[in-house]
Amino acid sequence: MRTQVGIVGAGPAGLVLAHLLHLRGIDSVVLERQTREHVERRIRAGVLEHGTVDLLRDVGLAGRLLRERMVHHGIELLFDGTGHRIPLTDLAGREITIYGQHELVKDLVAARLGTGRPLLFQAPAVALDGLDDAPTIRFVQDGRPRELRCDVVVGCDGYHGVSRTAVADHAVTRYQREYPYAWLGVLAQAPPSSEELIYAYHDRGFALHSMRSPQITRLYLQVRPDEPVTDWPDERIWAELRRRLARDDPGWRLADGPILEKSVTTMRSVVVEPMRHGRLFLAGDAAHIVPATGAKGLNLAVADVAVLADALGAWAAGDTSGLDAYSARCLSRVWRVQHFSWWMTSMLHRAQDGDPFTHRLQLAQLRYLTGSRAAATSLAENYVGLPLTGGRT
Ligand SMILES: Cc1cc2nc3c(=O)[nH]c(=O)nc-3n(C[C@H](O)[C@H](O)[C@H](O)COP(=O)(O)OP(=O)(O)OC[C@H]3O[C@@H](n4cnc5c(N)ncnc54)[C@H](O)[C@@H]3O)c2cc1C
């Protein structure tokens, strides 16, 4: 097999890139390790920045999203038993969209298949060769080894993929921070108890009340990274959520219901520099991981491939300057977003040892944020997302 751009991974990064290249008349093949059903059911992110939605709409990928999404104009910070609304749209001029990542992936898979261009499921890449001048992706299909020769390879295969590990250790600088806590994430058949997201800072640990639709709630609890999910039967989860989301308003009640899914996700920040190695380009979680508190992982993946699609469009016309600038352009946004995600995470999670000094700093920061329009504007601007550049033809 031969193509212009070999894309490893059919998550948001790989599928959006494939579509943007299609619009530019550039051939690509997408290789995905999992089945279609698996990628379409994987419950992950749900907050889309304004710029992400604008791009998806402008390139024809947002038909169902625009019909079914929930638009939010604010978030709530809850601490000391009192909720404080941060009016995102008033402060930053833009809103956010709630739409499950798995729903977006369904739309992206359908769009790709609609173009008639290749998207191979159950086709894991196992090695990348010839990255300096003549790349080949070695992959497996129907139990048989196969090769995909390409002009360029894009590694969109997430944190556990093969693309990043194809680069020699000495050619990569890895920046990393592990957090001493994790998130127990729960998907529940229960209507949201609030119209907007609630970020709760509590003595017992962080909690987040989010949603995926008018019938489905997405909830998170700060837990220890080594805590098995079996330690959390449903009744314990609801009791803990009720405690951490409690407020002085006697009329407020957390709606509960059957828990459809639960899992523990560790929190880490990772950046791999550079994001280009010869003819290999890394995008999305393959190049960086952000702790989920800032709701940025999916958005950052889309931002990367918007830059890359423009660069590949210019490259197809003989101009390689965009590809040369790719890594630096993306990393500038990646580090801004890393800072925001680290800052939100550090402010909202209870220190493992309950350190009282840290606790008072966190409360001071939360009071400042909810008492100062300037401080709240900074949060709002980062939360709704910086303007997205590139991606349109
Ligand atoms: C468990 C989990 C929960 C998350 N929850 C949230 C959240 O609540 N809020 C939030 O904002 N963000 C969340 N995120 C982050 C967000 O979902 C990611 O940032 C986003 O999915 C990044 O998209 P991506 O396309 O770069 O990578 P991915 O979505 O990881 O896609 C990578 C794709 O590559 C495929 N792949 C891997 N290896 C190979 C191979 N060798 N060959 C072929 N294909 C391969 C994978 O199967 C996958 O389909 C979560 C992430 C995870 C892992």
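Bear in mind these aren't lab numbers, they're just calculated from the coordinates by the rules spelled out. Just so we're clear, the structure is a prediction, and the values are computed from it rather than from any experiment. Using ideal geometry, Cβ is built from the backbone for each residue, glycine included, and neighbour counts are taken over all protein chains shown.
Assorted remarks:
- The chain: DSSP helices with Cα axial extent of at least 24 Å and average Kyte-Doolittle hydropathy no lower than 0.5: 297-316
- In terms of Cα atoms, the Rg and Dmax of segment 179-266 work out to 12.2, 36 Å.
- Exposure proxy for 40, 227, 196: other Cβ atoms within 10 Å of each Cβ, ordered fewest to most, give 227, 40, 196.
- Whole-Å semi-axes of the ellipsoid equivalent to segment 1-145 (Cα gyration tensor, √5λ, descending): 36, 17, 14
- Mean separation of Cα contacts under 8 Å (6+ apart) over length of the chain, as relative contact order %: 22 percent
- For the chain, radius of gyration divided by Kirkwood radius, i.e. Rg to Rh on alpha-carbons: 0.98
- Euclidean distance of C-alpha centroids, segment 261-304 and segment 54-104, integer Å: 20 Å
- Full extension of the chain segment joining residue 144 with residue 27 gains 39.7 nm, where the gain is 0.36 nm per residue of separation less the Cα-Cα distance.
- 256, 142 arranged by Cβ crowding within 10 Å, fewest neighbours leading: 142, 256
- Taking 275, 1 and counting other C-beta atoms within 10 Å, the order from fewest to most: 1, 275
- One decimal place: the segment residue 336-residue 242 gains 30.5 nm when fully extended, by the rule 0.36 nm per residue minus the C-alpha distance.
- Helix-only CD estimate at 222 nm, as mean residue ellipticity for the chain, using -39500 (n - 2.57) per DSSP H run (n ≥ 4): -11000 deg cm²/dmol
- Contact order relative to length of segment 33-90, as percent, for alpha carbon pairs under 8 angstrom and 6 or more apart: 18 percent
- Each residue, residue 229 and residue 374, gets one label point 7 Å from its Cα in the Cβ direction; the gap between the two is 4.5 nm.
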